[in-house]
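Working notes, beginning with the structure itself.
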Amino acid sequence: MATYFFYCRDRAGASRRDHVEAHRAFMDGYADRIVARGPTLADDGETPTGSMHAVELPDEKAAPAFAFEEPFYKAGVYEDVMVRRWTNALDRTMWDFAGDPETNHRFLFIGHGADDADVTDRRNTLLKAHRDFLAPPEKMAQQILRGPLWDMSGEIWTGSLFLLEAPDRAAAEAFFDGEPFTMNGLYARTELHDWRFGGRN
């Protein structure tokens, strides 16, 4: 069993409305294997812009079925789908994080690894500094989940995934100030999305 990360970006103008129940029923089939899920949101905090899922699957052959048999994808809601292996560095699910959603916001951060041959080696060299940077209690308290992204072989580092809780976007951005991977150019680009816990209420 391995864990896979999916980020599905919504197509501009696409509507989810008619496919929500089919989507939920599909996800029910994976309920005992989902580590995290939920929509990313526009600035209004309500309009979906995409969906993320972290799911335990038996092997990489199961990943395309999860990604491309999903009802939103089949209905054309998604413009593109990112699929990566992922290591769950905190070894828990999002439901293990209590946090304070009444006063804080939640965010999805994706760091896309630089496209060079030695990026995995450079990442490994900086790994202790990266972990030390994230270890202080005030930073640990913000981390819902985190971990490295890999190619489908699980051998080549392709970036980082964080789910964060922070008072606002500025605080979420500040979380990464001085982070060794960022400071040493390991990311070609980064994304920070407003995000909320998904699943049935």
Portion, in percent, of the accessible area of region 1-157 that falls on carbon or sulfur, probe 1.4 Å:
49 percent
With 21 Å as the cut-off, how large is the P(r) tail for region 62-166, expressed as percent of Cα-Cα pairs?
47 percent
Per the Kirkwood formula on distinct C-alpha pairs, the Rh of region 1-94 is how many angstrom?
13.7 Å
Would you give the gap between the C-alpha center of region 43-57 and the C-alpha center of region 64-117, rounded to a whole Å?
7 Å
Please give every one of the lysines within straight-line cross-link reach of K61, meaning a C-alpha to C-alpha distance under 24 Å, and leave out same-chain neighbours fewer than 8 residues apart.
K74
Whole-Hz Karplus ³J(HN,Hα) for region 102-114, in order, using 6.51 cos²θ - 1.76 cosθ + 1.60 and θ = phi - 60°, x for Gly and Pro?
6, 10, 10, 10, 10, 9, 10, 10, 10, x, 8, x, 4
In debye to the nearest 20, the charge dipole size for region 126-176, taken about the Cα centre with +1 at each Lys and Arg Cβ and -1 at each Asp and Glu Cβ, equals 120 debye
Farthest toward positive dipole pole in the chain [+1 Lys/Arg, -1 Asp/Glu at C-beta], among V81, A170, A67
A67
After finding the eigenvalues of the alpha carbon gyration tensor for the chain, what semi-axes result from the square roots of 5 times each, listed largest first in whole Å?
26, 20, 16
Partner lysines for K139 [C-alpha distance under 22 Å; skip if fewer than 8 residues away on the same chain]
K128
So for the chain, taking the charge dipole from beta-carbon charges (+1 Lys/Arg, -1 Asp/Glu), which of G13, T47, M152 sits furthest toward the positive end?
M152
Per residue, how much accessible surface does the chain expose to a 1.4 Å probe? Answer in Å², no decimals.
50 Å²
Work out how much length D44 to A25 would gain on full extension: take 0.36 nm times their residue separation and subtract the Cα-Cα distance, in nm to one decimal.
4.1 nm
If each DSSP helix of 4+ residues adds -39,500 (n - 2.57) and the sum is divided by the residues in the chain, what number results at 222 nm, nearest 500 deg cm²/dmol?
-6500 deg cm²/dmol
So between A188 and S153, what do we pick up on full extension, going 0.36 nm a residue minus the alpha carbon distance?
10.5 nm
What length, rounded to one decimal in nm, is gained on full extension from D100 through to R16, with 0.36 nm per residue of separation minus their alpha-carbon distance?
27.4 nm
Charge dipole magnitude, Cβ of K and R +1, D and E -1 - region 93-147, Cα centre, debye nearest 20
100 debye
Along the dipole axis of region 15-127 (charges at Cβ: +1 for Lys and Arg, -1 for Asp and Glu; origin at the Cα centre), the most positive-end residue among V35, L57, L126 is L57
Counting pairs of Cα atoms in region 127-201, how many percent are more than 22 Å apart?
27 percent
Length-normalised contact order of region 114-163, Cα under 8 Å, at least 6 apart, in percent, tallies to 35 percent
The size of the Cβ-based charge dipole (Lys, Arg +1; Asp, Glu -1) of the chain about the Cα centre, to the nearest 20 debye, is 260 debye
With springs only between Cα atoms under 10 Å, which of A36, A62, A166 fluctuates most in a Gaussian network model of the chain?
A62
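The values are calculated or read from the model by the stated rules, or taken from the named source; none is laboratory data. Model, not experiment: these values are computed from the prediction. When we count neighbours, we look across all protein chains shown, and the Cβ atoms used for this are built from the backbone with ideal geometry, even at glycine. Accessible surface is based on the protein model in full, side chains and every heavy atom, while ligands, DNA and RNA are left aside. Shrake-Rupley method; radii C 1.70, N 1.55, O 1.52, S 1.80 Å.
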